[in-house]
1. Which value results for Rg/Rh of region B:128-217 when Rg is the Cα radius of gyration and Rh the Kirkwood radius based on the inverse mean 1/r?
2. Starting from the Cα of A:Ala93, step 7 Å along the direction of its Cβ; do the same at A:Thr127; then give the gap between the two resulting points in nm.
3. At 222 nm, what value in deg cm²/dmol follows for the protein assembly as shown if DSSP H runs of at least 4 each add -39500 (n - 2.57) and the sum is divided by all its residues, to the nearest 500?
4. If I model a spin label at B:His193 and B:Met1 as a point 7 Å from the Cα along the Cα→Cβ vector, what separation in nanometres do I get?
5. Given contacts defined as C-alpha pairs under 8 Å and at least six residues apart, what's the relative contact order of chain A, whole-number percent?
6. Between A:Arg251 and B:Ala163, what is the spin-label point distance in nm, taking each point 7 Å from the Cα along the Cα→C-beta axis?
7. Leaving out ligands, DNA and RNA, what percent of the accessible area of the protein assembly as shown is carbon and sulfur, probe 1.4 Å?
8. Over all Cα pairs of chain A, how is the pair count split among 10 Å bins, expressed in % and running from 0 up to the last occupied bin?
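The values are calculated or read from the model by the stated rules, or taken from the named source; none is laboratory data. Keep in mind that what you see is a predicted model, and the values were worked out from it rather than measured. As a convention, Cβ positions derive from the backbone with ideal geometry for all residues, glycine included, and neighbour counts pool all protein chains shown. Areas reflect the complete protein model, heavy atoms only, side chains present, ligands, DNA and RNA absent. Shrake-Rupley method; radii C 1.70, N 1.55, O 1.52, S 1.80 Å.
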Amino acid sequence: MTPPRLASPLTSVLNFLLPVLTTAALLAIWEGLSASGALPAEIPPVSDVGAWLGDNAGAGDLWTAVGQTLGHWAVALLAGVVIGTAVGGAMAAIPVVNELLVGVVEFLRPIPVVVYLPIMLLMLGATSEVVVWLAAVAAVWPMLSQTFYGVRDVDPVSRDTARVFGLTTAQRLVWVTAPSVLPYVSTGVRIASTITLLVAIAMELIGAVPGLGATLGTYAANGVYDAMYGVIVLTGLLGVVLNAAFERIERRALRWHASHRTRNA
Amino acid sequence: MLSVTHLRKTYGSGGQAVEAIRDLTLTVGKGEFVCIVGPSGAGKTTLLKCLCGLLAPSDGTVTLDGEPVTGPPKAMASVFQDYSRSLMPWFSVERNVGLPLRNKHRSAADRAKRIEGALAAVGLESFGSRYPWELSGGMQQRVAIARGLAYEPEILLLDEPFASVDAQTRADLEDLILRVREATGVTMLLVTHDIDEAVYLADRVVVMSARPSVVVETVAVDLPRPRDQVATKSLARFAELRAHVLRLIRNTADQPAPAAPAAVTGAAHED
Ligand SMILES: Nc1ncnc2c1ncn2[C@@H]1O[C@H](COP(=O)(O)OP(=O)(O)OP(=O)(O)O)[C@@H](O)[C@H]1O
Ligand SMILES: [Mg+2]
């Protein structure tokens, strides 16, 4: 357990202010370097990037691209979570399944999904399916290993308790195994979400599949650098927002877990 | 009737094998209260796990009413020694106590009534909506006891159920267990380190040797019932029995177990 943060007004102001200050300082240095001409022309001043984002905040095209990328992300993550959790859980719970799959999994896991891109493009063209498939594959691995270790880690005393009191297999799964695996799965989802977004954007970029990745690629190829950096900033923000959303859900769902407990007397 | 014949339990195999139980034979009659005492590591928890079908014996048999025990019997409930880990941290106290009731009682109102009753019996009626980790160790232990009681088993196995409660609560819980047994006729098998407690509660006290364990002696407790914390414990007979059990334990704790099971004296096996 992490030690509780001191909640005095001063420290909470500092906790908020310090990251803001470092970010502002870095942006100021960037602006200064651009102004002094120390940076190459491919890196525009940060004020230009900000101006572009401001001008395009209402642009339909940009939001269409965000929507496409989020669509890829959502479908791929859902598929990856379902498949990874099911396979990981089965491997942990059923020895035969583990023996059958462990070799294949160990072989496939380290292969970066980008190697499948050429064949997928040949088969399916520059379509959303390609992006979703590859991002889903990337999401499977963290889900699979998190679930596997989660199921292996179910407290034997909890298991014994469930058995002694005659819970059925389904009840044991829902009331004992699932809740104790949930913290692992939750961490897996956060890791998988980040990876899925990353892979989706990368595949869009390389495969020129409509989405933020392709938008970025187009701006880069045409030398519209303030727009290119604007898109980069946007992808960063997207990642931060998604991660924060998952952390919020996790805090709610895992109130009972040691890492989220608050003793209220 | 629960009976154990020539039970042997060895953990692991080869060089790392641990012979926990060498040879145990004992019977627990219907409605009887049997306490098991023995030094730490003697294999008391191991014995209970074999009895409730969580562990397969290496040798010998466990039968319940003539049927061999191969998995947890419906008629049995357990209060685990590791009480804090046996409560599910994701469920409230109420849900923990109600966990085993789903398959016994269809109506939610029925279950709620039993949960409430069991929690009230252990003095935790106002803690139903709390989580186990919000309670002290002793309170968690009482929740585990309440869960065993709410299940209304025919046989209740209790593994050092009062180890982390204060003396007053301990006495209260002992009397609670005696009352439950009086009222429902449930068979009780209780493991304890506390000789006073064993003599106070039991019809028979089974004294186990150090590991690899055998039954040193089964002591019949011929104290009158109902028992009373003050009156019973001031009887001369109580002091005699207590001294006798203590002597048995002292003698066995520092000696290796004999190869053959010692002769069983006292009331031993009726039924
Ligand atoms: N899962 C296991 N694997 C290997 N050895 C074990 C295992 N469980 C228990 N043992 C060993 O078996 C012996 C008996 O253990 P057990 O827990 O039954 O003792 P106990 O009489 O309940 O002790 P205590 O009074 O301390 O609870 C001990 O020596 C212990 O180390
Ligand atoms: Mg024990």
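1. Numbers: Rg = 14.2 Å, Rh = 14.3 Å.
When Rh is taken as the Kirkwood radius, the ratio is 0.99.
2. In this crude label model, A:Ala93 to A:Thr127 measures out at 3.4 nm.
3. It lands at -18000 deg cm²/dmol.
4. 3.5
5. Values: 272 pairs, mean separation 62.3, N = 265.
Relative contact order here is 23 percent.
6. Here the modelled spin labels are 3.7 nm apart.
7. Carbon and sulfur atoms account for 63 percent of the accessible area of the protein assembly as shown.
8. 6, 21, 26, 24, 16, 6, 1, 0
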